[in-house]
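Every number here is computed from the coordinates shown, using simple stated rules; none is lab data. Predicted model only: the values in this text are computed from it and were never measured. Note that we place each Cβ from the backbone using ideal geometry, even for glycine, and neighbour counts take in every protein chain shown.
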């Protein structure tokens, strides 16, 4: 692949089209999980917390992922509905940083995505008490077997605690590697989720 330059950035009025282009390229270039993103939230003690999750959809309304609302990240989001995510596509030497407000995705969205998951993943959502202490691996396997038997003859419904989250961004930064660390950075910002975007180039 040719070296990425400043020409890879567009002078766009909004960032989502550029993100869509970069995601499409990542899907071709990244060997594993091009939709992986580091999700940062804040705990009640004020300390930041970060983990990898998977982006499942995005549009001009924001970036959607799914999780157990009773997990550590779910409890942190319930206390502070703000988050940041980072995409790092090493094969492309690109990063995208997103900061914004969080809201719950609709039940219809969550139901539709949950139904699209593999059967064992749906059963796993029932079996796992995410982030809570686990006495042994056997206890988890026993819980999985219990729910596999329970739902053996029908569909696996979405657990009420398994929900979608939408991050509505107020800032999206695009970063592209440059020679001698003279990287390209452009940030789109807006004062509110409903506002218009402002674009600014940054020093690396």
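A few comments on the model shown:
- Percentage, to the nearest whole number, of Cα pairs in the chain over 30 Å apart: 30
- FRET E, pair residue 60, residue 93, Förster distance 30 Å, beta-carbon r, rounded to 0.05: 0.70
- Based on the convex hull around the alpha carbon atoms, the range 102-204 presents an average projected area of 11.0 nm².
- Counting only Cα atoms, the range 8-80 measures 41, 30, 19 Å along its principal axes, largest extent leading.
- With the convex hull of the Cα atoms taken as the outline of the range 59-99, the averaged projected area works out to 3.9 nm².
- The translational diffusion coefficient of the range 49-146, from Stokes-Einstein at 20 °C and 1.002 mPa s with a Kirkwood hydrodynamic radius over alpha carbon pairs, comes to 137 µm²/s.
- Between the range 54-100 and the range 117-165, the alpha-carbon center distance in angstrom: 23
- Sorted ascending by nearby beta carbons within 10 Å, beginning with the fewest, 18, 54 become 54, 18.
- Shown is the FRET efficiency for residue 111 and residue 27, computed with R0 = 25 Å from the Cβ-Cβ distance and rounded to the nearest 0.05: 0.50.
- Gain in span if fully extended, residue 198 to residue 131, counting 0.36 nm per residue against the direct Cα distance: 20.3 nm
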